[in-house]
Amino acid sequence: MKLATLRDGTRDGRLAVVTDDLKLAVLAPITTLQRALDDWAEAEPQLRAVAERLAGGDDDAFDFDPAECESPLPRAYQWADGSAYINHVELVRKARGAEVPESFYSDPLMYQGGSDAFLGPRDDIPVASEDFGIDFEAEIVVVTDDVPMGVSADEAANCIRLIMLVNDVSLRGLIPGELAKGFGFFQSKPSSAFTPVAVTPDTLGDAWDGRKLNLPLLSFLNDQPFGKPEAGVDMTFDFGQLVAHAARTRPLGAGTLIGSGTVSNKDADGGAGKPVAEGGLGYSCVAEVRMVETIANGKPSTNFMRFGDRVKIDMLDDAGGSIFGSIEQTVVEYQGADQ
C-alpha cells in the first residue's frame, strides 16, 4: 500500500491512497497520515480496503501528480537521523586524520533534526549562501507506530509501519563550528524532503527483510548519475537497532521518523569507493566524494552544490518502476520571508 499527502492549503495536507505504479490516487477516508498513524490498528484496514478498490478501478480515482504532494508527513512529532553506514563515518574522519572510536561500531550515532517544516518532494531548497557548503544526503527512512521505552531491536522492528526515502539537506560549512561547541547540529541541518509516497513494508516484497531495504539507492546531480549504493549492504546498524537506540530512554510517539544516515558502500576491494563514472557505486552525498579526493590528493576538487544545481533521489523495483516516487529539487537563493 502506498500513501501520499496532497497539498490542500492546510498545514498537514490531505491523505490519499496511490496505486503501486504511482499513476492514480483517491482520497483516503482518514484526512491526514498522522491521524492514521495515531490509530494504525483501526486505520490500516480502512486504507487497505481503499487500495483494493483503487486497484480494481475506482470511479473517484484521479491522476497522481508528485508535484502536488507534500512530504507524506508535512510535519512530524519527531525526526531522528542515525548514521548506520560506518563507511561514511570512516571517510569523514579519515579525511581529517582522525580515528573512528571503537564505540561507533557497537553504538549508533543519532541526532534529532527539525521536523516542523519539511519540504515537499519537488520543492526548491532555499539557502541563504553558497558559502554554507550545500549538500544533499540520500537516505532510507522508516515511520514507526508507538514504540515503548527500552524495547529490543526485534520488538522495535515490529513497530515499523511505513518506509520512504529522504534528502537530508546538510550545510557542510556550518557543521564544524556547531560540533566544536559540543552540542550537536542545528543551523547546519535545514528542512529535509521526503519522497512523494510512503509505503507499507509488504509492498516491498523480498526487498524488505524486516530490518533492511535491499535495493540500490539512486541519486543524480544535475541529471548525471552520482550514486547507486546497495542500501542493504555495509549497514552496520539495521532499522530495528536504530529504532531501539532511539527508544532506549524514552518512548517514541506514533509517526516518529528514523533515518538510516547517508547510504554508503565500500568498494569491492574494501576501499572507499569509486565514482559512478569510473565504474563504482558512487556516493549518496557530495561530502563523500570530496573526502575520497582529499584522501587521494590532499584536497577536494568537487564543489558543494551551487544555486541552480539539481538533485534527484529515487529507488526502482525489479521492473524499473519508481517505488516511492522521486525527490527532485533545485537549490535556490533564499530571498527572505517575503519571497
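The values are calculated or read from the model by the stated rules, or taken from the named source; none is laboratory data. Keep in mind it's a predicted model, so treat the numbers as computed, not measured. So basically every Cβ, Gly included, is an ideal-geometry build from the backbone, and we count neighbours across all protein chains shown. With ligands, DNA and RNA removed, areas are computed over all heavy atoms of the protein, side chains included. Shrake-Rupley method; radii C 1.70, N 1.55, O 1.52, S 1.80 Å.
Summary table
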{"quantity": "Gained length - residue 183 relative to residue 7, 0.36 nm times residue gap less alpha-carbon distance", "calculated": "59.8 nm"}
{"quantity": "Kirkwood Rh in Å, taken over the chain so that all alpha-carbon pairs contribute", "calculated": "20.3 Å"}
{"quantity": "Probe 1.4 Å - accessible area at residue 115, Å² to nearest ten", "calculated": "20 Å²"}
{"quantity": "Cα centre as origin, Lys/Arg/Asp/Glu Cβ charges: the chain dipole, Debye", "calculated": "920 debye"}
{"quantity": "Estimated distance in nm for a label pair at residue 317 and residue 100, the labels positioned 7 Å out from Cα along Cα-to-Cβ", "calculated": "3.4 nm"}
{"quantity": "In nm, spacing of pseudo-spin labels at residue 42 and residue 154 (7 Å Cα→C-beta vector)", "calculated": "3.2 nm"}
{"quantity": "Segment residue 301-residue 131, length gained on full extension (0.36 nm per residue, minus Cα span)", "calculated": "59.6 nm"}
{"quantity": "Estimated distance in nm for a label pair at residue 202 and residue 248, the labels positioned 7 Å out from Cα along Cα-to-Cβ", "calculated": "3.4 nm"}
{"quantity": "Reachable lysines from residue 94, criterion Cα separation under 17 angstrom, eight or more residues apart if same chain", "calculated": "266, 274, 299"}
{"quantity": "Positive dipole terminus of region 155-297, leading residue within 245, 281, 203 (C-beta point charges)", "calculated": "245"}
{"quantity": "Cα centroid of region 189-223 to Cα centroid of region 272-316, whole Å", "calculated": "20 Å"}
{"quantity": "Percentage relative contact order, the chain, counting C-alpha pairs under 8 Å, at least six apart", "calculated": "22 percent"}
{"quantity": "1.4 Å probe accessible area per residue over region 197-339, in Å²", "calculated": "43 Å²"}
{"quantity": "Test item: Cα-centred dipole of region 221-333, Lys/Arg +1 and Asp/Glu -1 on Cβ, debye", "calculated": "460 debye"}
{"quantity": "Average Cα contact separation per residue, region 14-169, under 8 Å, 6 or more apart, as relative contact order %", "calculated": "19 percent"}
{"quantity": "DSSP bridge orientation in region 1-109 - percent antiparallel, rounded to nearest 5", "calculated": "100 percent"}
{"quantity": "Net charge contributed by nearby residues that have their C-beta within less than 13 Å of residue 206 (K/R +1, D/E -1)", "calculated": "-3"}
{"quantity": "Relative contact order of region 245-339, defined on C-alpha pairs under 8 angstrom at six or more residues apart (%)", "calculated": "14 percent"}
{"quantity": "Percent accessible area from carbon and sulfur atoms, the chain, protein chains only, probe 1.4 Å", "calculated": "48 percent"}
{"quantity": "Summed side-chain charge close to residue 188 - residues other than residue 188 whose Cβ falls under 14 Å, Lys, Arg +1, Asp, Glu -1", "calculated": "-3"}
{"quantity": "Helix-only CD estimate at 222 nm, as mean residue ellipticity for the chain, using -39500 (n - 2.57) per DSSP H run (n ≥ 4)", "calculated": "-5500 deg cm²/dmol"}
{"quantity": "Using alpha-carbon coordinates, inclination of helix 286-297 to the longest axis of the chain, degrees", "calculated": "20 degrees"}
{"quantity": "53, 48, 75, 35, ranked by accessible area, largest first (probe 1.4 Å)", "calculated": "35, 53, 75, 48"}
{"quantity": "Furthest towards positive pole of dipole, 72, 134, 83, structure part region 47-149, Cβ charges", "calculated": "83"}
